[in-house]
Structure formats: structure tokens, C-alpha cells
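The values are calculated or read from the model by the stated rules, or taken from the named source; none is laboratory data. Please read these numbers as outputs of a predicted model, since none were measured by experiment. As a convention, Cβ positions derive from the backbone with ideal geometry for all residues, glycine included, and neighbour counts pool all protein chains shown.
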Amino acid sequence: MAVDQLISLIGRETDPARVCAGLREYARKGRFPVVGACETVCSDEAERESESVFQRLFVKQMLPVLKSGTRAAFGTVNLGSRYEPGAIQIAEDHYATSECEQTAKLMVVKINAHVAVQESSDGPTYGRMDRYGCRSTCCGALASMLAGGDLPAVKELAQAFRHDGNDRLETLNDPNKVPAKYRTLLAAVTNARLQADRAVAEISGYDPKTPTKWLVLSCVSINRPEPDTELPVGRHLIDATADAVTTEYQGLGDDPATYRVEHDKDGVRITDDRWPESD
Ligand SMILES: [Zn+2]
């Protein structure tokens, strides 16, 4: 089943093509008259690859024609892949065509945080990338946040990381709570989840223009010297076709103190107290 395919990838590093295949199957199985997409990615040029894969393997195959020969997702590109308030509402308005006045359309909201990895005989090292003959941070916005930077975008990220009174920044910077070698990886996982939560909160409190089912997928792009991989963090399904909006979530929680990191032949695997579900 399509749903299971996507769910089976949560917490596991995988080929981004498999993530797009899971999304396509979900969309096709639901027989939606229209499929729209709203994508959020970081400004880092390393993330153009993630956009390109999503464009080629999901958008071009599933979205309506924008103009001759062109299909496109509604997109936000900013420092640290912050969900931009209002984005889902404007995107939903665009894809609310006459075909979906009676039958619900599907809106896919894909939010990608990111982290670079370099492999060596000592194992993977996260958070830095060799590019242009130099080594630089990746994701630089999250690295700045972890270091206490004061750019407006970085302050907004930090605010999201302190949501609900849980100081996830303090957790990530405490080597007794999060191993220092996984700090940047787990900051990206936490960010993907928190930014998705912001989108979900907005979806849950807003009346779409036409009946809509939402699939919000939070992911971490893992930027590599070879083709990038991707780690799905969680998936929200929100049914806003009736007055009572329903939401179900499957995936990792939002507390970096609870994440467990393992590596196997397929790459990194992350679990926590709520994922995978035991029953
Ligand atoms: Zn970044």
C-alpha cells in the first residue's frame, strides 16, 4: 500500500526517489482530481538538488500544468527552511481549481531541513561540506543557531526550538544529552519536525477554499559528495473536508534528547520513544 511505503521510510536514510515514489503512490491511490504542492527548503545551494529531485519525480508527474510545458510547486526558500506563515493558505488558493469544488484535492506540503555528511574510516561526520576547495558549515543557518547567532532568521529558528517551553537548543548543545558528533544531524531532524508542526497548526485552524486533504512530510536532506540521500522524519495527514478537521501523525517526536542514532549498510537510522510504533 502506498501509505505503508512512505511510512516504512520514516527514520531511515534512503534514496529521495523512493520518497517521491511513496508520495506519488499515495496521490494516485486517492484518485484526487487535483494534486498541489507547497515546498520549503533552505537557501543553501546544496539544497537545489533536493528541489530538483522533487520537481522531476513528483511535481512533473502529478501537478497540473501551470503554463505550456511547465508544472511547478509553490515554494519557500529561506535560511534554515523555516515554514513561512501563510504559505499553505496562498498555495491552497492557487490549486483550488473548479475540478475540486466537490471532490477533495490533495495538498502535499514537503519541508526539508538539511545536513551534510562526510564519510571516513572513523565513521560519518555531520555538519560540514567540502565545496569550492574549502570546508563550510551545512546547514549554516542551523550551525549559527547552535552557536547563538543573532541574524533575524536564526533568532526565529531559535524561537521555534524553544516552542512549548522545551529548550531544545540547550539539549542539543549539552553533550550529556546529545552526542556532539550527532548535534548537527539531530538539529536538522528537530528543525524538520518543528517547521512541519508550524504548517500543521496553520492548516488545522484554517478553512480551505475547496475541500482538501493535506499530507505534510517533514524530511532531512543528507548532502553528500555523491547523490544526496533523504531521511523522512514524519508524516501528518490532515482531512479538512468536513467541519471537524482530523489529524493523524506517524513519525519521530520533537525532543532531540530522545533520539537514538544507529548506522547500518543503508546509512543512518533514527528512532525515539514514539517511533517506530510498537503496536
Ligand atoms: Zn541550510
(message) Of everything in segment 28-49, what is within 16 Å of the ligand (Cβ to nearest atom), in a helix (DSSP H, G or I) and under 24 Å from residue 8 (Cβ atoms)? Give them in sequence order.
(response) 49
(request) May I ask you to verify whether residue 236 is assigned to a strand (DSSP E or B) and surrounded by fewer than 17 Cβ atoms within 10 Å (Cβ to Cβ)? (result) no
(message) Of everything in segment 177-202, what is in a loop (DSSP other than H, G, I, E, B) and surrounded by fewer than 21 Cβ atoms within 10 Å (Cβ to Cβ)? Give them in sequence order.
(response) 177, 179
(request) Using the structure shown, decide if residue 52 is within 14 Å of the chain's Cα centre (by Cα) and either within 16 Å of the ligand (Cβ to nearest atom) or free of Cβ contacts under 8 Å to residues at least 60 places away in the same chain (or both). (result) no
(message) Among the residues of segment 106-123, are any at pLDDT 95 or above, farther than 20 Å from residue 225 by Cβ, of a type in the set (S, T, N, Q) and within 16 Å of the ligand (Cβ to nearest atom)?
(response) no
(request) Scan segment 82-99 and give yes if some residue there is at pLDDT 95 or above, within 13 Å of the ligand (Cβ to nearest atom), more than 21 Å from residue 205 (Cβ to Cβ) and surrounded by 12 or more Cβ atoms within 10 Å (Cβ to Cβ), otherwise no. (result) no
(message) For segment 240-279, give me each residue that is more than 19 Å from residue 194 (Cα to Cα), charged (D, E, K, R) and without any contact (Cβ under 8 Å) to a residue 60 or more places away in the chain.
(response) 243, 262, 264, 265, 277, 279
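Per-residue answers, yes or no, for (1) more than 17 Å from the chain's Cα centre (by Cα); (2) part of a helix (DSSP H, G or I); (3) among the charged types (D, E, K, R):
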{"position": "19", "(1), (2), (3)": "no, yes, no"}
{"position": "61", "(1), (2), (3)": "yes, yes, no"}
{"position": "64", "(1), (2), (3)": "yes, no, no"}
{"position": "89", "(1), (2), (3)": "yes, yes, no"}
{"position": "99", "(1), (2), (3)": "yes, yes, yes"}
(message) Given the criteria surrounded by fewer than 21 Cβ atoms within 10 Å (Cβ to Cβ) and within 16 Å of the ligand (Cβ to nearest atom), does residue 25 qualify?
(response) no
(request) Could you tell me whether residue 143 is surrounded by fewer than 21 Cβ atoms within 10 Å (Cβ to Cβ), within 12 Å of the ligand (Cβ to nearest atom), closer than 19 Å to residue 173 by Cα and not basic (Lys, Arg)? (result) yes
(message) Pull out all pairs, ordered by first then second residue, where Cβ-Cβ is under 9 Å, the residues are six or more apart or on different chains, the first lies in segment 119-136 and is on the phi > 0 side of the Ramachandran plot, and the second is in a strand (DSSP E or B).
(response) 123/263; 127/115; 127/116; 127/117; 127/137
(message) For the condition of a type in the set (A, V, I, L, M) and over 16 Å from residue 84 (Cα atoms), what is the one hit in 188, 192, 196, 160?
(response) 188
